[in-house]
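The values are calculated or read from the model by the stated rules, or taken from the named source; none is laboratory data. Just so it is clear, the structure is predicted and the values come from calculations on it, not from any experiment. No Cβ is skipped: glycine too gets one built from the backbone with ideal geometry, and neighbour counts run over all protein chains shown.
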Amino acid sequence: MLRILALLRHGLAGGQGPDAGLLPEGSRYLRHLGQRLEAAGWRPAAVVTSPYRRARETALLVTGMLGGAVEPHVLDELVPEAEPRVALAAILARVPLATPVLVVSHLPLVGRLAQELIGEDPGFSPGTFVEIVREGDGGARLLRRIGPRDLRDGV
C-alpha cells in the first residue's frame, strides 16, 4: 500500500512547555506555508497532532488554509521525546487507511521519524514540512521538503 506521511514541525513558538503557543511570526509563516500547499492542490486525508498547544495551533492554522475540513486527532504519542515506532503505530491505529496524513509534532520526534522512515533527518526548523512516501515493501523516500528559507526565497 502506498502511503504518504507529511511531517510538520510546529511553527515558531513562545516557549518549550506544553502550553507555549505560536508567536505572531510563527502564525504568519504557517499561513504562507498553507497558501503554498493550497496552490499545489495538497490536502491531507487525516491530521494527527501532539497534544502540546503550539502543535495543535499549527495543525488548525495550516488545515484552515487548506479548506479546514479535516479535524485533527490529538495523539499523546506525538510529544517531543516519544519513540518513533510507538508514534508510527499510534498514527496507523488512529487513521489506518488515510493518505496523505499530516503529522504535526516537535523536535526531536519529527527528525527521528524521518530517520526511521528514510534513513536521514532532512532538517526541521520551526514550520518545516517534509513529505515522505511509504511503499508497500516497507521502503520510503522523501518527496519534498519546504522550510522557512524556501518560502522566503519564493522557491
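Gly67 versus (1) in contact with a Lys or Arg (Cβ under 8 Å, 6 or more places away or on another chain); (2) of a type in the set (Gly, Ala, Ser); (3) within 22 Å of Arg144 (Cα to Cα); (4) at pLDDT 95 or above: which is the lone unmet condition? For Gly67, the exception is condition (4). Of all residues in the stretch 100-112, those being surrounded by fewer than 22 Cβ atoms within 10 Å (Cβ to Cβ) and more than 10 Å from Leu5 (Cα to Cα) number 4. All of Leu97, Leu142 fail the test of being assigned to a loop (DSSP other than H, G, I, E, B) and either without any contact (Cβ under 8 Å) to a residue 40 or more places away in the chain or surrounded by fewer than 16 Cβ atoms within 10 Å (Cβ to Cβ) (or both), apart from Leu97. The single condition among (1) surrounded by 21 or more Cβ atoms within 10 Å (Cβ to Cβ); (2) part of a helix (DSSP H, G or I) that Val48 does not meet is (2).
Could you tell me whether any residue of the stretch 12-24 is in a loop (DSSP other than H, G, I, E, B) and under 16 Å from Gly147 (Cα atoms)? Taking every residue of the stretch 12-24 in turn, at least one turns out to be in a loop (DSSP other than H, G, I, E, B) and under 16 Å from Gly147 (Cα atoms). One residue stands out among those in the stretch 70-84 that are acidic (Asp, Glu) and part of a loop (DSSP other than H, G, I, E, B): the one that is modelled with the lowest pLDDT, which is Glu71.
Among the residues of the stretch 8-28, the ones that are in contact with a Pro (Cβ under 7 Å, 6 or more places away or on another chain), surrounded by fewer than 21 Cβ atoms within 10 Å (Cβ to Cβ) and either closer than 17 Å to Leu66 by Cβ or polar (S, T, N, Q) (or both) come to 0 in all. Just wondering, is there one or more residues in the stretch 34-45 that are outside any loop (DSSP other than H, G, I, E, B) and within 14 Å of the chain's Cα centre (by Cα)? Looking through the stretch 34-45, at least one residue is outside any loop (DSSP other than H, G, I, E, B) and within 14 Å of the chain's Cα centre (by Cα).
Among the candidates Ala59, Ala6, Ala87, the residue that is under 15 Å from Val110 (Cβ atoms) and outside any helix (DSSP H, G or I) is uniquely Ala6. Here Glu57 fulfils each of the conditions (1) within 22 Å of Arg149 (Cα to Cα); (2) acidic (Asp, Glu); (3) more than 14 Å from the chain's Cα centre (by Cα) apart from (3). What tally of residues in the stretch 113-130 results from selecting those that are surrounded by fewer than 19 Cβ atoms within 10 Å (Cβ to Cβ) and not in a loop (DSSP other than H, G, I, E, B)? Residues that pass the stated criteria total 3.
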